[in-house]
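To keep things clear, I will list the structure first and then write my remarks on it.
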Amino acid sequence: MDMTKSPDKAEFDRAVQADTGTLAIEARDLVKRFDGTVAVDGVDISVPAGTIYGILGPNGAGKTTTLRMLLGIIDPDSGTRKVLGSENPHAIAHRIGYLPEERGLYPSMKAVDAIAFVGSLRGLPRAEGRERGRKLMEDYGFGHIADRQIRQMSKGQAQTVQLLSTLVHKPDLVVLDEPFSGLDAISQGRLEKLIRGLATEGTTVIFSTHVLAHAERLCERIAIIAGGKVPFEGLVSTARDRLPPQVHLETRNLDGPWRSALPTGAEPQVKSSGGALFDFSLTGEVEPLLAALIEGGAGIEALSIERAGLHDAFVAIAGEAAARALEEGTAEGDVK
């Protein structure tokens, strides 16, 4: 759904309901200020139940503040939120698993005990938590360190233990704040697999990230946050469709009547072997272009059409400055 314009609430609700069906999270016009600085400015988010949803933006854009408001850790200054059907997130805390950006475990605890302890905070009996924790560790390939103290683990191992502790009570909603931060490539791959598995089982997963590749691989819907605002909320495919597909064309011939079918500005790069290379945006249907190239005698040697990636869509939606901050991992002067 295109959120560049600001529809009235009734129009927004009708469009979202038609788009998503049952919602696990609904947030309307959330606003939060800290010492007079606006950290989140009118955020609207709709997370369909049983899906993987990404909140994308540079560090400091307002992602963490938004998640904390949804979870009831802090209250919005204005706006409404509903999580798993409840307007009071604390009332359904036992149905939520939360991995904060600031990691923290007791160093002297064994991994299985740390998992059981966090589960007990969500109402899970300690013995059952230990049993489930050990199985989670084994399923994740970490069974051999289940009885190791947290202080004896690598950073990635400790982060994995904390992640598993958010799942031990089998929540309906899992909220992950920058979950890939600090993980190596292998651990990131395991985490992506775990997130997909949760969604397959019907769990709703919402995570924030400033790394677009994870969202592009995992998410069906996203919200882009920049400077505390949401310039886009909706399907990943809709975001990517903001930009036309890119065409790469190689021809045996350099010129001919077929050139008139190419858009203005599609200048050739002459190949050393003869013929030409063309790169341009496809603004219409591909069939008429293909017919003109064949009938006009272009001598097609290669033709590929690539849909715009999420990074290019982010640049088009949020702007170059936000994209640079995303790549640098920081947004100077913003509030989380």
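Can you name the helices (runs of 4 or more DSSP H) wholly within the range 257-336 that have at least 1 residues being touching a residue at least 40 places away in the same chain (Cβ under 8 Å) and closer than 30 Å to ALA61 by Cβ?
Output list reads 310-318, 320-328.
Would you check which residues across the range 58-96 are among the hydrophobic types (A, V, I, L, M, F, W, C) and within 26 Å of PHE117 (Cα to Cα) and list them? Quick ask: steps written out before the conclusion?
In the first step, residues of the range 58-96 are kept if they are among the hydrophobic types (A, V, I, L, M, F, W, C); the result is 61, 67, 69-71, 73-74, 83-84, 91-93, 96.
Matches in the range 58-96: LEU67, MET69, LEU70, LEU71, ILE73, ILE74, VAL83, LEU84, ALA91, ILE92, ALA93, ILE96.
Among the candidates ALA298, ALA302, which residue alone is outside the structural domain of PHE232 (by TED's automatic domain parsing), closer than 16 Å to ASN253 by Cβ, touching a Phe, Trp or Tyr at 6+ places or on another chain (Cβ under 9 Å) and hydrophobic (A, V, I, L, M, F, W, C)?
Working: ALA302 fails: touching a Phe, Trp or Tyr at 6+ places or on another chain (Cβ under 9 Å).
Matching residue, one of ALA298, ALA302: ALA298.
Which condition from (1) part of a loop (DSSP other than H, G, I, E, B); (2) surrounded by fewer than 15 Cβ atoms within 10 Å (Cβ to Cβ); (3) among the polar types (S, T, N, Q) is the one that ASN253 breaks?
(2)
Is it fair to say VAL175 is aliphatic (A, V, I, L, M) and within 22 Å of SER208 (Cα to Cα)? Before the answer, list the steps.
Numbers: aliphatic (A, V, I, L, M): yes; within 22 Å of SER208 (Cα to Cα): yes.
Considered against the rule, which asks whether it is aliphatic (A, V, I, L, M) and within 22 Å of SER208 (Cα to Cα), VAL175 comes out as yes.
Could you check the range 256-274 and list, in sequence order, the residues that are touching a helix residue (DSSP H, G or I) at 6+ places or on another chain (Cβ under 9 Å) and crowded, with 16+ Cβ neighbours inside 10 Å?
Across the range 256-274, the qualifying residues are TRP258, ALA261, LEU262, PRO268.
Name the residue, out of ILE96, ILE115, ILE52, that is touching a strand residue (DSSP E or B) at 6+ places or on another chain (Cβ under 6 Å) and outside the structural domain of ARG28 (by TED's automatic domain parsing).
Working: ILE115 fails: touching a strand residue (DSSP E or B) at 6+ places or on another chain (Cβ under 6 Å); ILE52 fails: outside the structural domain of ARG28 (by TED's automatic domain parsing).
Going through ILE96, ILE115, ILE52 in turn, just one is touching a strand residue (DSSP E or B) at 6+ places or on another chain (Cβ under 6 Å) and outside the structural domain of ARG28 (by TED's automatic domain parsing): ILE96.
The values are calculated or read from the model by the stated rules, or taken from the named source; none is laboratory data. Note that the structure is predicted; figures quoted are calculated from it, not measured. Don't worry about glycine lacking a Cβ; one is built from the backbone with ideal geometry, like all the others, and counts go over all protein chains shown.
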